[in-house]
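The values are calculated or read from the model by the stated rules, or taken from the named source; none is laboratory data. From a predicted model like this one, the values you see are computed outputs, not experimental measurements. With ideal geometry, Cβ positions are generated from the backbone for all residues, glycine too; neighbour counts draw on all protein chains shown.
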Amino acid sequence: MLQKELNQEQVMQLGEQILRSMEGPVLERGYEYFSQGLVFNIQVKPGGIITSAVQGTQVYQVEIHMESFPDSSCTCPYPSYCKHMGATFFQIYSVFANPKHFLQEAQQPRTEAFSASILYPQGKPPAQARYQHLPSSVGSLTEQSTIEDWWQFLRNWTRNLSTDMEKHRLYTELRNNYERALSASRLWPKDRAHLFSIHAILHHLQKLDEYGQQMKIVPTSPASQEFTRTVNRFMEELETALFYLEKSNISSADLDHTLELCTEIGSESSVVNWVAVTHVLWWYLLDDPEKEAAVAKDLLEKLAEAGLSPQQKAKLELLYSHFAIRAGKDELALSIWEQQDHHALFSFLFYLKVIARQEEWQRLFLWFDRLPLFIKQMDGQEYRLAAAIWRHTLDMTGRSADWITCLKGMLPRSFPEYAAYLLEDNQLKQWLDVHFSMGTPYLELAEHSKRLEETDPHLLLPLYVREINRLILSRSRTGYQEAVKLLKKVRSCYQKLDQQRRWDAYIEQLAGKHRRLRTFQEELRRGNLFS
Amino acid sequence: MSAVVQIHLIGQMLEDGHLHLTGRSSERDSPIRPDELASMLFAWDEESFYGSFLEMTDEELRLTPMEAFRLFTAPQSLSHIEYMLDEQMEACRNHAFAIKQALASGQFLPDLDAWKKGVAGWRLTGEKGDLLPANAHLWLTAVLEHFTSTHFGVSSAWSHVQREFPALYAIGEEIPPLLDEQDWLQSIGLLPDSTPFRTCLQIVESTYDTQEWHLKIFLQDRQQPEQLVEITSQDSWDSLPLPSAWRSYKDRYYRDVQKCVSLIPWLAAEDGSAGIHIRTLLSNEEAWRFLTEGSLRLVQSGIHVFLPAWWEQVRKAKPTLKAVMKSSHTRSPHTYFDVLHIMDFEWKLAIGTLELSEKEFRSLLSQQQKLMQINGQWIQVTPELVSQIQKTLKQTAGSGHLSFRDVLHMYLLPSMEQEEHADLDQDEEMSLSVEVELDQHLQHFISQLQEITSIPLIEQPASFQGTLRSYQLQGSSWLWFLRSLGLGACLADDMGLGKTIQFITYLLHGKERANRHRQAPSLLICPTSVIGNWQKELERFAPSLHVYIHYGNTRKHGHEFLSSIQEADLVITSYALSHLDEEELSSLTWDTICLDEAQHIKNAHTKQAQSIRRLKAAYRIALTGTPIENRLMELWSIFEFLNPGYLGSQHEFSRSFVEPIEGEQKPELISRLQRLIQPFLLRREKTDPAIQLDLPEKIEEKEYVRLTAEQAALYESTIQDMFDKLSGASAMARRGLILTTLTRLKQICDHPALIHRERNAAIDLSRSQKLERLLELVEEIREKGERCLIFTQYLQMGYLMQRVLESAGYGPVFFLHGGTSKDMRDQMIQRFQDPSLPEQERAGIFILSLRAGGIGLNLTEANHVFHIDRWWNPAVESQATDRVYRIGQQRNVNVYKFITLGTIEERIDEMMERKHLLSKKIVGTGENWITELSANELHELFMLRHEWLDGKG
């Protein structure tokens, strides 16, 4: 069925998206679900959407968007791309290729190679809006309409948006609605239309925020995931729009007006991070020293006011961190963010990128000292971005050799690269140590046994002995038989190391320890290891 | 964070310094299994083999003080795990660091309180010592103990210190309870002793009187030890010719003398010299007490003692009792003796280089002196020695006579080993080691018995038709050699190596040597099923032998019997008749009685076995392919026939070998038994390179099948049934019930029809995968034109298979079972083996009941063997297989063993794999042990493992 409804190219392309968005461990769990046959009722819907039901702690409904994987969803509470999606993907993939191979690829360390482009917004510069028919009821705008007019228009325009979002998919609705709104500025000069699109984004973010509050979305809600992703994509859109805006062609009054909006629209919301929105706007639009000083002063005054609630104080401090960065007081900004938990992550990454764009490498060392704190909150992509910048920073400052220490500092997140690096660098004891700590299965490590033997044969012993202990614990004949095979390797290891007596001591103690396991004893005798 | 995982360690330090540890994963907040914990904390620790052998329970890891100390001071843990210590662990770590530091800076001392309690304990000095809790001090002790016992440098330094300050040897009650630490530390050399001399005692034997000893006191210069000043009882301190520097130490000297007296009160001087001197004259008895215990106590308290130079040697001399064969008893090579033959010996007691005759040492004992000088040599005759000698003499029948059996036992099991096993029995520790000194002649015989290649080879008898392989001639020679010593022999070669031929050769050799003198006939007792075979082989290889078959309804009785065998060289009869016709068979003394398949008399209590043992014969031989196929008692039974009394009474044998070997699995006892029987047992295996056989390869395969739903249901209900009845059953009923169930289960595995007693049920292959698989394999075999044997334990299964195979077009199919007549049997075997017959008159398939067809038959035309069901005993199966896999086989032999997965058969198979090894080590178990299992163990054994059920049903 799937074979007819989908083609290989589509599925491979989906695989590539998944490799970018999903983490190895989650995919591993997904693979387990898939191989246990927990994916049911898989269907191909129009528009490249695949739905399925996955049996987890309960049955979850999964929707995979082939063309745009980030739009995919699942009804489980996991805040990001989940194992259920992974399981569904493997089910699809298995029709066309070996899913085990895919999993292996996903488990490889994925390092983002540094290129300057990762520091910049990933969206495309705004193009001329397509013509859309606008219903007359919303009113119309002209080139000369003021920003107030724009907002009036947008409010009318999005009157029924909540209902639509409820009925249909959140992002798709919001996005369509936004794109259609842009046709109001279709015939305007490019820069003015551009500014209008920024306001449209802000307005839609606000609508999304309202809707979220109306739905009582909190981080633990099932739908929170979808909200978060929608917000992130609009934030990306916003930064892209700001990045390509020709500010010199915008009147200073309009700029001021736009900046003022920041203070107007922000609410105490758990859906949209308004501080982050403000930071982005300030970074791109607020560069007049006088105005900047005024805003900063205003913030400090507010902070000095008595009777602020801790939340108000925190928000003001967060906002102020922009000026700390601008003034080169990174230490201050970082310590503000550190106290603010996940609210500050966006800002951390945002300013990290902009400082990297300015190639102020020395300045970044301070940032990386604090990195471990933020790493816990980062998703895979964010982590890879931060790691890539850090590595590049080291390269640019002639400290490439420190990279291993940095990787170690970022554990457990950096585990795959760290382990790969150790292996490459022939630090085999450390390499084994980290794998042992992580509980990596023996077979994966055994692939490198030749290498261990050549470099440091002593290291084979703990590797084998560990696995032997595990196999014996399995309390099964096949386990014992495998253990006996490894015991023979241990024996030859000791022989090669000229430590026959150690072997004697070992096998004697082992047989003694497990003297009650008759089957094991039997296998030992059969292997002529002990009588 | 530079770790991938974080774990919390919760520790508890015990009174005895052990550290009990548990771990919790921070991430999952769940406990970590102790073995995992060990593999994290000791991941790189070679000492414990990477944490494999640390002590642990299901809940916690239990570290010894040394292990705990290493954990903190030289961790071999995984470095990518972050360990969070709880308060106790934190404290432990601080203790460990404190100890490590103190060790490095030498701030530690022996702990007198501990030494007084009998522990060589240590403590940290000063404030640190006060801060460290008592159990942490145990760590220090453990560390020091570890170093003094494993580190060579430390160890030799420590023993040097001990030699220098013998007071260190005193521990526990040996330390005077009132001794204060200052004195003690001085005596062990830790605090300097400024006294310029040492007080020393010397004990000297009197030159005139062996009953008198002198005790002297000397002062020895510490700097120049050779400078000694003797103090006599007449002296006073001030009149002594002492260096002036010593004078002021008068108090010290008096204290030392006081010390001697307080340690050994009877040393107090009786005359007026008290204070300055002690007793100067000791009796023999007192001298012995002084030498054995008093001197040691003095030395440990810092008083030096000079002992006679010979004392150490005398003290260590280990007396041995020697049984020396009287030299008058040289025998001619043709003197026969049985194992109970009494031999003349005399006892000698050897101490050091002295050798005393029995008379001498008895008179010595009567003197009741502990120290004695004989021929100028001192010996000590302790009360222990006296009781040891008496005990040993009593044990070994004392009277100066030993049986040949005793001699062999003593010779084959040197007393060295008795000492090794002394811990088994406290009493044994007390008995002396006994050596036996054989005369040359006997020595020679016994060494020949132990090495077959040293036995003189006989020549192949001229009347033998054919050629013997060299190992066969060696076997016959061995039989003959044992005959010349009058000893019974057990030839236990592997099946197919030609035991029959070796016995025939033995007979022929005897006949030829006897020349024309009439020898008494020999008697061969064998299972009915192989009488024909013997007949054939005798005809073929030794036509000159007169063979008389005593068998069948027309057999002769009484006088007629005697006259019929008049001319016979060999009489053949069956085991059954050996009992029924005991009267006839015991009416003469046979030259040799030979038991073929001697395992038939495995049960020594049966009338058959008893009758056979009563038969009279000059010589005895047993032939068997599996000498001890099931039980050690069987070995005893065969040996009781061969060499009565050699392995002791049945009860003795059971107590000293069977129970410990089967019950406690003591391998060392197996080797002792092996050494005992080795001279009388010759066993060679096909795989033995010395045999140089050209047998084709044998390929064994296990054919695993599964139960059908019908079988599984039957199986389950049978077990259920048994457990239902088991609870109320008496011991006897319980045994019966279990054995019946065992049979039923095995039958169900074969085919459900066996249980339903459906004699002529429609043949439905789908009811048993065994049948299905059999048919598939047979098809392959027959297509190649090859032949097979099929063994089963169940008559019905045999009939069923015969029917199935014949109806599938593989007829004729032969079936040989216990009820087959001899004639029919011979016919079938002959036809099966005769390649010249047309195919429709031969059979391609031969079904045999395992018991009826397991022995004595030669069916080498087949090269495939099926075992449809499993027998507990691997030996029975390999015997059956050997019908095919023997000399004469030209092709590879394939063996297929059917095993039903998940059932008792699979477990039998597991046990057989194990037992195969056991049987090679001369040990085996019967089926009866199953009846002794607990309900749980039974359940474990019988229970159906569901993962193997056939999904189809």
The lone condition B:ALA104 fails out of (1) closer than 30 Å to A:LYS429 by Cβ; (2) at pLDDT 90 or above; (3) more than 14 Å from chain A (Cβ to nearest Cβ); (4) surrounded by fewer than 18 Cβ atoms within 10 Å (Cβ to Cβ) is (2)
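Please tell me if B:GLY11 is at negative phi, within 14 Å of chain A (Cβ to nearest Cβ), at pLDDT 90 or above and touching a strand residue (DSSP E or B) at 6+ places or on another chain (Cβ under 6 Å).
When the stated conditions are applied, B:GLY11 does not pass them.
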Given the residues A:GLU290, A:GLU317, A:GLU301, A:GLU359, which is the only one that is touching a helix residue (DSSP H, G or I) at 6+ places or on another chain (Cβ under 9 Å), over 23 Å from A:THR240 (Cβ atoms) and not aromatic (Phe, Trp, Tyr)?
A:GLU317
If I filter region B:57-80 down to residues being among the hydrophobic types (A, V, I, L, M, F, W, C) and part of a loop (DSSP other than H, G, I, E, B), which single residue comes out as nearest to the other protein chains (Cβ to nearest Cβ)?
B:LEU78
Test for B:ARG28: is it in a loop (DSSP other than H, G, I, E, B) and basic (Lys, Arg):
yes
Would a scan of region B:444-459 turn up a residue that is modelled with pLDDT under 85, surrounded by fewer than 20 Cβ atoms within 10 Å (Cβ to Cβ) and under 18 Å from B:ILE593 (Cα atoms)?
no
Subset of region A:403-412 [facing chain B (nearest Cβ under 9 Å) and either not hydrophobic (A, V, I, L, M, F, W, C) or not in a loop (DSSP other than H, G, I, E, B) (or both)]
A:THR405, A:LYS408, A:GLY409, A:PRO412
Yes/no for B:TRP246 being surrounded by 14 or more Cβ atoms within 10 Å (Cβ to Cβ), in contact with a helix residue (DSSP H, G or I) (Cβ under 8 Å, 6 or more places away or on another chain) and aromatic (Phe, Trp, Tyr)
no
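Table: residues versus (1) surrounded by fewer than 15 Cβ atoms within 10 Å (Cβ to Cβ); (2) under 41 Å from the mean Cα position of the chain (by Cα).
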position	(1), (2)
B:GLY129	no, no
B:SER149	yes, yes
B:GLY153	yes, yes
B:TRP158	no, yes
Taking B:ASP209 as meeting all but one of (1) within 17 Å of B:ILE231 (Cα to Cα); (2) surrounded by fewer than 17 Cβ atoms within 10 Å (Cβ to Cβ), write down the number of the exception.
(1)
Every residue from region A:500-510 that is surrounded by 15 or more Cβ atoms within 10 Å (Cβ to Cβ) and at pLDDT below 90
none
Do you know which residues across region B:33-56 are of a type in the set (A, V, I, L, M) and within 11 Å of chain A (Cβ to nearest Cβ)?
B:ALA38, B:MET40, B:ALA43, B:LEU54, B:MET56
Could you check how many residues of region B:597-615 are in a loop (DSSP other than H, G, I, E, B) and modelled with pLDDT under 90?
6
For a quick check of your reading of the model, give me the residue pairs whose first member lies in region B:468-493 and is farther than 13 Å from B:THR453 by Cα and touching a residue at least 12 places away in the same chain (Cβ under 8 Å), whose second is assigned to a loop (DSSP other than H, G, I, E, B) and aromatic (Phe, Trp, Tyr), with beta-carbon atoms closer than 8 Å and at least 6 apart or on different chains.
B:SER484/B:TYR336; B:LEU485/B:TYR336; B:LEU485/B:PHE337; B:GLY486/B:TYR336; B:GLY486/B:PHE337
Within the set of pairs 6+ apart or on separate chains, which have a first residue in region B:664-675 that is within 16 Å of B:PHE639 (Cβ to Cβ) and within 12 Å of another protein chain (Cβ to nearest Cβ), a second that is modelled with pLDDT of 75 or more and assigned to a helix (DSSP H, G or I), and C-beta atoms under 9 Å apart?
B:ILE670/B:PHE657; B:ILE670/B:ILE661
For region B:417-428, indicate whether the set of residues that are touching a strand residue (DSSP E or B) at 6+ places or on another chain (Cβ under 6 Å) and either at pLDDT below 70 or assigned by TED's automatic domain parsing to the domain that holds B:LEU321 (or both) is non-empty.
no
Unmet requirement for B:THR22, which otherwise passes all of (1) farther than 30 Å from A:CYS406 by Cβ; (2) buried (at least 18 other Cβ atoms within 10 Å of the Cβ); (3) within 14 Å of another protein chain (Cβ to nearest Cβ); (4) of a type in the set (Ser, Thr, Tyr):
(3)
Log entry, pairs with first residue in region B:29-57 being of a type in the set (S, T, N, Q), second being part of a loop (DSSP other than H, G, I, E, B), beta carbons closer than 9 Å, six or more apart or on different chains, reads B:SER39/B:TYR50; B:SER39/B:GLY51; B:SER39/B:SER52; B:SER39/B:LEU78; B:SER48/B:PHE42; B:SER48/B:LEU54; B:SER48/B:GLN76; B:SER52/B:PHE42
Region A:426-442, subset over 28 Å from the mean Cα position of the chain (by Cα) and of a type outside the set (Ser, Thr, Tyr), residue nearest to the other protein chains (Cβ to nearest Cβ):
A:LYS429
Give region B:120-133 a look and list any residue that's without any contact (Cβ under 8 Å) to a residue 40 or more places away in the chain and either under 18 Å from B:GLY172 (Cβ atoms) or among the small types (Gly, Ala, Ser) (or both), or say none.
B:GLY121, B:TRP122, B:ARG123, B:GLY126, B:GLY129
Result of the Cβ filter at 9 Å on region A:454-471, keeping first residues that are at the interface with another protein chain (Cβ under 9 Å from one of its Cβ atoms) and partners that are crowded, with 21+ Cβ neighbours inside 10 Å and acidic (Asp, Glu), at least 6 apart or interchain, is A:PRO462/B:ASP45
Residue identified as under 15 Å from A:ALA241 (Cα atoms) and of a type in the set (Val, Ile, Thr) among A:ILE217, A:ILE201:
A:ILE201
Residue satisfying all of: in region A:384-432; in contact (Cβ under 8 Å) with a residue 40 or more places away in the chain and of a type in the set (A, V, I, L, M); surrounded by the fewest Cβ atoms within 10 Å (Cβ to Cβ) among these:
A:ALA420
Where residues in region A:511-531 are outside any helix (DSSP H, G or I) and away from chain B (no Cβ under 11 Å), which of them is surrounded by the most Cβ atoms within 10 Å (Cβ to Cβ)?
A:LEU529
With region A:140-191 as the region, which helices (runs of 4 or more DSSP H) entirely inside it contain at least 3 residues that are surrounded by 16 or more Cβ atoms within 10 Å (Cβ to Cβ) and of a type outside the set (A, V, I, L, M, F, W, C)?
A:170-182
Count of region A:377-402 residues which are within 14 Å of chain B (Cβ to nearest Cβ) and in a helix (DSSP H, G or I):
2
If you scan region A:490-506, which residues turn out to be under 19 Å from B:GLU47 (Cβ atoms), in a helix (DSSP H, G or I), over 47 Å from the mean Cα position of the chain (by Cα) and more than 10 Å from every other protein chain (Cβ to nearest Cβ)?
A:GLN500, A:ARG501, A:TRP503, A:ASP504
Among the residues of region A:38-83, write down those that are assigned to a helix (DSSP H, G or I) and under 22 Å from A:THR172 (Cα atoms).
A:PHE69, A:PRO70, A:ASP71
